[in-house]
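The next block holds one structure in the form of structure tokens; read it before the comments.
Every read-out reported here was derived from the displayed coordinates using simple, explicitly stated rules and does not represent laboratory data. Fair warning: this is a prediction, and the values are worked out from it, not measured in the lab. Glycine also receives a Cβ, built like all others from the backbone with ideal geometry; neighbour counts cover every protein chain displayed.
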Amino acid sequence: MDHVPAVAVLLLEEEALVAMDLEFNLVRSGLVVAGVFSRCSEALEWLSSNTPDAVIMDVRLRDGSCEGLAIALHARGIPFVVHSSICRRDVEIANAFSKGRCVHKPCDPDRLAHAVASSVGWDA
């Protein structure tokens, strides 16, 4: 991906090495990583006083399902991209995360950056 406008992204990933790789590639794509969290509780606390342009999230973090977080993001109008190996594979996950875009793990970093840019209304 050549360039995206400055988009502040919250990254939610439980695996530290995966998070570091994603952060590196998102920044390389021109996105701004506003924060990285491995627990839903930490992300919710951060979101209580911050509003990113978009969120990239797995369906589960270290403290459990991100279903409540997805509902909260949708209620606040914050677009999100579900980045998971299991997104939309079962009905419960599909319902809980249906308002977000789904990008299956693993994926090309540019594909993920495009999904984020598209979720905020910027077409590459």
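Going toward the positive end of the dipole of segment 14-107, with +1 on Lys and Arg Cβ and -1 on Asp and Glu Cβ, which of 68, 18, 78 do you reach last? Farthest towards the positive pole: 78. Take every DSSP beta bridge with both residues inside the chain and express the antiparallel ones as a percent of the total, to the nearest 5. Counting DSSP beta bridges with both partners in the chain, the antiparallel share is about 10 percent.
For the chain, just say rounded, prolate or oblate: build the C-alpha gyration tensor, square-root its eigenvalues into a ≥ b ≥ c, call rounded for a/c under 1.5, and beyond that prolate if a/b exceeds b/c, oblate if not. It comes out rounded by the Cα gyration axes. Taken as Cα centroids, segment 105-124 and segment 39-62 sit 18 Å apart, rounded to the nearest whole angstrom. When each of 71, 78, 56 is scored by the number of other beta-carbon atoms lying within 10 Å, the sequence from fewest to most is 71, 78, 56. Around the amide H of residue 102, modelled in the peptide plane, lie the amide H atoms of 82, all under 5 Å away and 5 or more residues distant in sequence or on another chain.
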